[in-house]
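The values are calculated or read from the model by the stated rules, or taken from the named source; none is laboratory data. Predicted, not measured: the structure shown is a model, and the values here were computed from it. Ideal geometry is used to build each Cβ from the backbone, glycine not excepted, and the neighbour counts take in all protein chains shown.
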Amino acid sequence: MNITWLQSFSDASRYGSAADIHAGFKGNLLNVVHSSADMRFRIVAWLLCLIALPTWAADEFTLYELLPPETHQFAITYDVTATQEGAPFFFNPIRPGSVATKERVVERSTGKELKFEVVNGKEAKASGLVPPQTQDKDEFIKVYLPGPVPKNGETRIRIFKTYTDAASYTLTDNKLVFTRPLGIKRNVVVLPKGWELIECASPGIVSTDADGRVRISFLNDRDDQLPVKIVARRLP
Amino acid sequence: MKRILCLGIIAISMLAAAQQESFHRAEQDREISYWLLDPATHQFKISHDFTVTRVGQKSVHSFVRKGSVVSPDAEMTDLDTGKPLKTYTVKGKDVNALGYYPEPVDPESLAVQGDLEHAVGEGQSTRVRVQETYTDPVGYVLQDGELVWTRTLGRPLNYVTLPAGWMLTSVNTPAVITLDEEGRIKLRFINTRNGDLAIVIKAKRRPEKK
């Protein structure tokens, strides 16, 4: 496995996007053509992993900062807390279908960069830190924690990455459309500057950032995923 | 002591009855739509629907909130027949005298009354639509170029439509957002709790095309 050391930690102003921690960390690993049946299977398996995750993870929050829709890209910041006592690693399932770039992981208490790599489900299962129903070919981000999770304590980490996902983020009829099921509980989506929110299919709170970008937040009170669909139009 | 116990039981029974009456939001069919007009006028149009089931009730009422002024163009419609109801303004004390509602209203408050074609009979109900224009210089204002609409919403289903040419900049309560058939921003609030939603909506004029 290709171990990647993370570089400078300079973009602390971005918050993370979440449930998504999922689409490949290593773009080349994920940029693989799968049959639709295989993809469906992988997504179902990935969802099962997500459902089981709360055993080992807490305080999840994701920030999606949408980049120009022509690029199909959005920057994700994902906050999560490792809670299993003694765990030396944190495994984050990778969502099939997206390509990830610009990855970084930091420990939030110190702001220091953490080492990570992408591993398959077989290796992740061997750690005992992922659900036993994990498929061998699933993919995970394996984060090397600065030390075992302390007794009566936890380790808070933040994962940054940029996803390219032409299926869930498009420009359709000159409108920005972001469609994504969100599995974690706290999520924020920020539109690119110069775009007006005109549709939001799940209930969200809306505000406007100082730089003029529209911010929409979602609390998922469901046991499953919150179906988020956002449509925006370009301002004159 | 017996008297106190007795009063206590009565109070608990009344409380339980009141809670029972409003407990299940899903069983309530009251809904309301607001269309915000030019904020400089502080006016918005309202359309709200409700169902009357009280046997013997001969009239229905729309209560005007303190601080709001209802325009004389209020209309009420029997949705089961499509016919308009005779509509006029009455005082709270007149409504209280009818005894239709569990809680008395301020005797000096105002309500729009619509007279039903016939009293609600046993096993019957009547669905009514009320359409009004409110002026509320406190709850609907223009501040620093932004439209600000502040209101508590007590119904389970509530819609608010912005004036044409205005874009949403913030809303403090989770809303589903769509465009209406005229291209105006429309927000939907579903209140799953029995209390009120305290809504604040802000919007600004959409920039003109260059």
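Scanning the stretch B:23-60 for residues that are without any contact (Cβ under 8 Å) to a residue 24 or more places away in the chain and either part of a helix (DSSP H, G or I) or surrounded by 15 or more Cβ atoms within 10 Å (Cβ to Cβ) (or both) returns a single hit, B:E27. Taken over the stretch B:178-194, the criterion of being small (G, A, S) and in contact with a Gly (Cβ under 8 Å, 6 or more places away or on another chain) is satisfied by no residue.
Step by step: first the residues of the stretch A:183-193, then only those that are surrounded by 15 or more Cβ atoms within 10 Å (Cβ to Cβ) and not in a strand (DSSP E or B), then the one that is farthest from the other protein chains (Cβ to nearest Cβ). Which residue is that? Within the stretch A:183-193, the match that is farthest from the other protein chains (Cβ to nearest Cβ) is A:G183. Taken together, A:F140, A:F178 contain a single residue that is of a type outside the set (A, V, I, L, M) and modelled with pLDDT of 95 or more, which is A:F178. Filtered by the rule that a residue be within 11 Å of A:R156 (Cα to Cα) and outside any strand (DSSP E or B), the stretch A:82-122 gives A:T83, A:R108, A:S109, A:T110, A:G111.
What residue, of A:R156, A:R180, is surrounded by fewer than 23 Cβ atoms within 10 Å (Cβ to Cβ) and in a strand (DSSP E or B)? So the residue among A:R156, A:R180 that is surrounded by fewer than 23 Cβ atoms within 10 Å (Cβ to Cβ) and in a strand (DSSP E or B) is A:R156.
Among residues of the stretch B:45-70 being among the hydroxyl-bearing types (S, T, Y) and within 15 Å of the chain's Cα centre (by Cα), the one that is nearest to B:V112 (Cα to Cα) is B:S62. The set of residues from the stretch B:64-77 being buried (at least 16 other Cβ atoms within 10 Å of the Cβ), more than 19 Å from B:L147 (Cβ to Cβ) and modelled with pLDDT under 95 comprises B:V64, B:V70, B:A74. Scanning the stretch A:161-175 for residues that are of a type outside the set (G, A, S) and either in a loop (DSSP other than H, G, I, E, B) or within 14 Å of chain B (Cβ to nearest Cβ) (or both) gives A:D165, A:D173, A:N174, A:K175. Applying the criterion of being over 19 Å from A:C200 (Cα atoms) and in contact (Cβ under 8 Å) with a residue 24 or more places away in the chain to the residues of the stretch B:198-210, the residue that is nearest to the other protein chains (Cβ to nearest Cβ) is B:R205. Can we say A:I198 is within 14 Å of another protein chain (Cβ to nearest Cβ) and part of a strand (DSSP E or B)? In short, yes. Against the list (1) farther than 30 Å from A:L197 by Cβ; (2) loosely packed, with under 13 Cβ neighbours inside 10 Å, the condition B:V138 fails is (1). Among the residues of the stretch A:123-131, some residue qualifies, meaning at least one is buried (at least 21 other Cβ atoms within 10 Å of the Cβ), away from chain B (no Cβ under 14 Å) and either hydrophobic (A, V, I, L, M, F, W, C) or touching a residue at least 40 places away in the same chain (Cβ under 8 Å) (or both). For the stretch A:203-228, a tally of residues being under 18 Å from the mean Cα position of the chain (by Cα), closer than 24 Å to B:L157 by Cβ and facing chain B (nearest Cβ under 10 Å) returns 4.
Of the strands (runs of 3 or more DSSP E) entirely within the stretch B:103-189, those holding at least 2 residues that are away from chain A (no Cβ under 14 Å) and free of Cβ contacts under 8 Å to residues at least 60 places away in the same chain occupy B:110-115, B:146-153.
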